[in-house]
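Comments concern the structure below.
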Amino acid sequence: MNATDLRPHLLAFAARPDLPETLALAGTIALAPRRRGPWRAPLAGLSARELDAVLLSYFPGAAPLRPLLHIWREQAEAEARPEMHEFDDLVGLLMDHSSVDAPDAKWIAHAVATASMADNHLWQDLGLPSRAELNALMQTRFTALKLKNAGDMKWKKFFYRQLCEAAEVLICKSPSCAECCDYSVCFGPER
């Protein structure tokens with residue numbers, strides 16, 4: 001079974017297939033083989049036990065898929081992790097802004113951070129149908145971050161801007177985004 005086949009199977013096993021959280025977890029898990037290096041884990045940074053907990057909670061009928069997902073996780077764990085702390089920093093940013101105090105908050109944060117390590121728009125790397133579902137996920141799970149992103153900046157750029165601001169690193173080329181020559185890159189339409 002390949003990644004494109006896995007997402008419909010996960011959603012067929014889902015307890016609540018309509019939730020943005022379920023869609024994001026299913027997409028991130030299914031798209032694992034398309035990511036590079038250690039980010040090819042179904043949900044990078046989660047242990048085998050935590051991955052099983054995700055499956056039991058969100059995809060209770062997915063027991064037949066466990067061996068495949070654990071093979072993907074083990075292969076990704078064997079990859080050398082780059083000397084970048086962005087993943088851990090991003091998980092920390094998301095957890096610091098989590099709106100829900102529940103066991104799955106960590107899983108959702110790891111899904112978003114894992115997908116952020118891929119190359120497309122975040123909604124695409126989460127396997128979501130459109131940016132609307134990503135915005136719904138951010139509104140529900142990371143409300144404070146959603147409110148901070150008042151200009152509707154693309155999410156990956158917004159996350160990195162938040163991380164740079166926390167580290168006191170200026171990333172805009174001008175005093176405000178509205179005057180920046182990269183405004184259309186950060187705030188333009190997503191295709």
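Scanning segment 59-81 for residues that are at pLDDT 90 or above, assigned to a loop (DSSP other than H, G, I, E, B) and in contact with a helix residue (DSSP H, G or I) (Cβ under 7 Å, 6 or more places away or on another chain), which turns out nearest to Arg141 (Cα to Cα)? The residue in question is Phe59. For segment 33-48, filtering for residues that are buried (at least 18 other Cβ atoms within 10 Å of the Cβ), part of a helix (DSSP H, G or I) and in contact (Cβ under 8 Å) with a residue 60 or more places away in the chain leaves 1.
Give the residue, chosen from Leu56, Leu23, Leu10, Leu51, that is touching a Lys or Arg at 6+ places or on another chain (Cβ under 8 Å), assigned to a helix (DSSP H, G or I) and within 22 Å of Leu137 (Cα to Cα).
From the options Leu56, Leu23, Leu10, Leu51, the qualifying one is Leu51.
Screening Ala132 with (1) part of a helix (DSSP H, G or I); (2) at pLDDT 90 or above; (3) surrounded by 13 or more Cβ atoms within 10 Å (Cβ to Cβ) gives one miss only, at (3).
For segment 114-140, a residue qualifies if it is in contact with a His (Cβ under 9 Å, 6 or more places away or on another chain) and closer than 20 Å to Leu43 by Cα, and exactly one does: Leu134.
Confirm whether Ala80 is exposed (fewer than 15 other Cβ atoms within 10 Å of the Cβ) and touching a Pro at 6+ places or on another chain (Cβ under 9 Å).
Working: exposed (fewer than 15 other Cβ atoms within 10 Å of the Cβ): yes; touching a Pro at 6+ places or on another chain (Cβ under 9 Å): yes.
In short, yes.
Among the residues of segment 90-107, is any in contact with an Asp or Glu (Cβ under 8 Å, 6 or more places away or on another chain), assigned to a helix (DSSP H, G or I) and under 18 Å from Leu6 (Cβ atoms)? Checked against the condition, which is being in contact with an Asp or Glu (Cβ under 8 Å, 6 or more places away or on another chain), assigned to a helix (DSSP H, G or I) and under 18 Å from Leu6 (Cβ atoms), segment 90-107 yields at least one hit. The residue pairs whose first member lies in segment 104-115 and is without any contact (Cβ under 8 Å) to a residue 12 or more places away in the chain, whose second member is surrounded by fewer than 22 Cβ atoms within 10 Å (Cβ to Cβ) and of a type in the set (Phe, Trp, Tyr), and whose beta carbons are closer than 7 Å, counting only pairs six or more residues apart or on different chains, do not exist in this structure.
Please indicate, with yes or no, whether at least one residue in segment 50-66 is under 15 Å from Leu6 (Cα atoms), among the basic types (Lys, Arg) and in contact (Cβ under 8 Å) with a residue 24 or more places away in the chain. Looking for residues that are under 15 Å from Leu6 (Cα atoms), among the basic types (Lys, Arg) and in contact (Cβ under 8 Å) with a residue 24 or more places away in the chain, one finds none in segment 50-66, hence no. The number of residues in segment 67-76 that are buried (at least 19 other Cβ atoms within 10 Å of the Cβ) and in contact (Cβ under 8 Å) with a residue 60 or more places away in the chain comes to 0.
Just one residue in the set Met95, Met84 is within 27 Å of Cys164 (Cα to Cα), at pLDDT below 95, over 12 Å from the mean Cα position of the chain (by Cα) and among the aliphatic types (A, V, I, L, M); that residue is Met84.
The values are calculated or read from the model by the stated rules, or taken from the named source; none is laboratory data. Everything quoted here is computed from the prediction, not taken from an experiment. Cβ atoms come from the backbone with ideal geometry, glycine included; neighbour counts cover every protein chain shown.
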